[in-house]
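The values are calculated or read from the model by the stated rules, or taken from the named source; none is laboratory data. Keep in mind that what you see is a predicted model, and the values were worked out from it rather than measured. Neighbour counts are summed over all protein chains in view; Cβ atoms, including those assigned to glycine, are modelled from backbone coordinates with ideal geometry. All accessible areas refer to the heavy atoms of the entire protein, side chains included, with ligands and DNA or RNA removed. Shrake-Rupley method; radii C 1.70, N 1.55, O 1.52, S 1.80 Å.
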Amino acid sequence: MSDTTGSPSASTPPPGCPAHADAVQLGGLEYQQTPSQLYRTMRREHGAVAPVLLDGGIPAWLVLGYPEVCYVTSHDELFARDSRRWNQWPNIPPDWPLLPFVGYQPSVLFTEGPEHQRRAGVITQALEGVDQFELARECELIADHLISSFSGSGQAELMSMYAHALPARAVLWMCGVYGDADVDQLVDDLRISLDAGEGDDPVAAYMRVGERIMRLVKEKREQPGPDVTSRMLQHPAGLSDEEIVQDLISVIAAAQQPTANWICNTLRLLLTDERFAVNVSGGRVSVGDALNEVLWLDTPTQNFIGRWAVRDTQLGGRLIREGDCLVLGLAAANTDPQIWPDSHVGAENSAHLSFSNGEHRCPYPAPLLADVMARTAVETLLERLPDIVLGVETWELTWRPSIWMRGLTSMPVRFTPSVQ
């Protein structure tokens, strides 16, 4: 096993790696606009587990099947989270763009066994202390503030002006960041570290996030309050400041961008799908249905990296070697024809994998808190701007070129200007 500063990868995959001649490059136009078609093609040609190439030609496996994703996430003894097991570290350059995802950090994301249970238990208890009614009220205040900043103009770009800002401000409020001074910078750095665009430096952004959260932890150790950070500091498990910083970053990142994309993907569905048009204009009756349908069909987290094989094993008819990386294809699994045999994906239940599965899934009650944020954001916007419509044709909306997150590059809208 090597560290993360090995030499750059060669143009051809190393011997013994999972990449074959027909390995699929993760990325490209298919992911930007029609990933579901790509998943269907990959499933038809490769089955439930497909050989893929990550950035720089680094080989991995993409787990496409719903039963297979459930199996991987339920068997930590075979597919573990500590990325130091990866057999590709000698081929990873120090500036590899996915290092913020897979470079080992002493956070809850990479812990295993009793240590993971200890760290996850601290997060769970800290989140359980969040009053969902108070959170909803705070989200309404944030939403009103954001909407008021553009409601007089009759037009807005919702991704940057609303969908990203609301969950970021809400989760920072939960963690005890109450001022506006550095919230915008934190929001931008979180976006860059999770889903870097052209010209962005995700590693530098991640470092800035870490520095700001470390200041927050020191502030709360001196002056605790009724917030997630203080409850983590006061937990009898006795986590160190560094452990709490890493775990807070995980909580904030998991709450911010996925929830932002959940909000905007839901608004897109409500404003473009004729099934919802009548109900939306008449009230809230379809917002819950739309939120759930998005988790099935346009889940904010398409793919998650990952798991690493503890030993040689079989999965979906493939030989997985010790140290191989597996990418969890959450979006592909949600539309697996094995669970939707009639090719009709419904939204009647919540058995989707959008919050993952198993011991490393989003800790309870995080999905409930995310639902409060997303539902409040959507409902408040529709109430304040009842005649809101897209500002462009539906076909003009474009998706971010990310294999990890499913979100629009922008969402321009028009509405009747309100008098302030």
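Would you list Arg215, Arg231 from the most to the least accessible area, probe 1.4 Å? Write out the running numbers ahead of the final one.
Details: Arg215 120, Arg231 60 Å².
In descending accessible area the options line up as Arg215, Arg231.
The 3J(HN,Hα) values that the Karplus relation (6.51, -1.76, 1.60; θ = phi - 60°) gives for segment 249-260 are, in residue order, 4, 4, 5, 5, 5, 5, 7, 7, 5, x, 5, 4 Hz. Gly and Pro appear as x. Ranking of Tyr178, Tyr66, Tyr104, Tyr162 by solvent-accessible surface, largest first: Tyr178, Tyr104, Tyr66, Tyr162 (1.4 Å probe, protein heavy atoms only, all chains present).
Share of segment 32-145's accessible area from carbon and sulfur, percent, 1.4 Å?
Values: 2400 of 4580 Å².
On segment 32-145, the fraction of accessible area on carbon and sulfur atoms equals 52 percent.
Amide H contacts under 5 Å for Arg406: Thr301, Gln302, restricted to partners 5 or more places along the chain or on a different chain, H placed in the peptide plane at 1.01 Å from N. Panel note: the C-alpha atoms of segment 69-191, placed on their principal axes, show extents of 56, 36, 29 Å (largest first).
Suppose we keep just the DSSP beta bridges with both residues in the chain; what percent of those would be antiparallel, to 5? Please report the intermediate quantities before stating the final value.
Numbers: 22 of 27 bridges.
Bridges in the chain that DSSP calls antiparallel: roughly 80 percent.
Could you tell me whether segment 146-239 comes out rounded, prolate or oblate from its Cα gyration tensor? Rule is a ≥ b ≥ c as square roots of the eigenvalues, rounded for a/c under 1.5, then prolate if a/b exceeds b/c, otherwise oblate. Oblate, since a/c reaches 1.5 and b/c is not below a/b. For Phe79, the residues whose amide H sits under 5 Å from its own are Val310, ignoring neighbours fewer than 5 places away on the same chain, with H placed 1.01 Å from N.
Note on segment 85-163: with charges restricted to the Cβ of Lys and Arg (+1) and Asp and Glu (-1), its dipole about the Cα centre is near 380 debye.
Annotation for Arg221 and Ala204: the two label points, set 7 Å from Cα along the Cα-Cβ direction, are 2.9 nm apart. Within segment 142-239, the GluC sites (Glu not before Pro) that combine a DSSP coil assignment with at most 15 other C-beta atoms in a 10 angstrom radius are Glu198. Amide H contacts for Gln25 (H built 1.01 Å from N in the peptide plane; partners 5 or more residues away or on another chain; cut-off under 5 Å): Leu53. When nucleic acids and ligands are ignored and a 1.4 Å probe is applied, Met161 ends up with an accessible area of around 70 Å².
Grab the beta carbon distance between Glu115 and Thr34, set R0 = 41 Å, and tell me the FRET efficiency rounded to 0.05.
Numbers: r = 41 Å, r/R0 = 0.99.
Computed FRET efficiency for Glu115 and Thr34: 0.50.
A probe of 1.4 angstrom, applied to the heavy atoms of all protein chains, finds Val419 with accessible area near 140 square angstrom. Computed with a 1.4 Å probe over protein heavy atoms only, the accessible surface of segment 285-381 comes to 37 Å² per residue. Of the GluC sites (Glu not before Pro) in segment 39-137, the ones in a loop by DSSP (not H, G, I, E or B) with at most 12 other beta carbons within 10 Å are Glu77. Where (i) 140; (ii) 117; (iii) 178 are the candidate values, the label of the one calculated here for volume of the Cα convex hull per residue in Å³ is (i).
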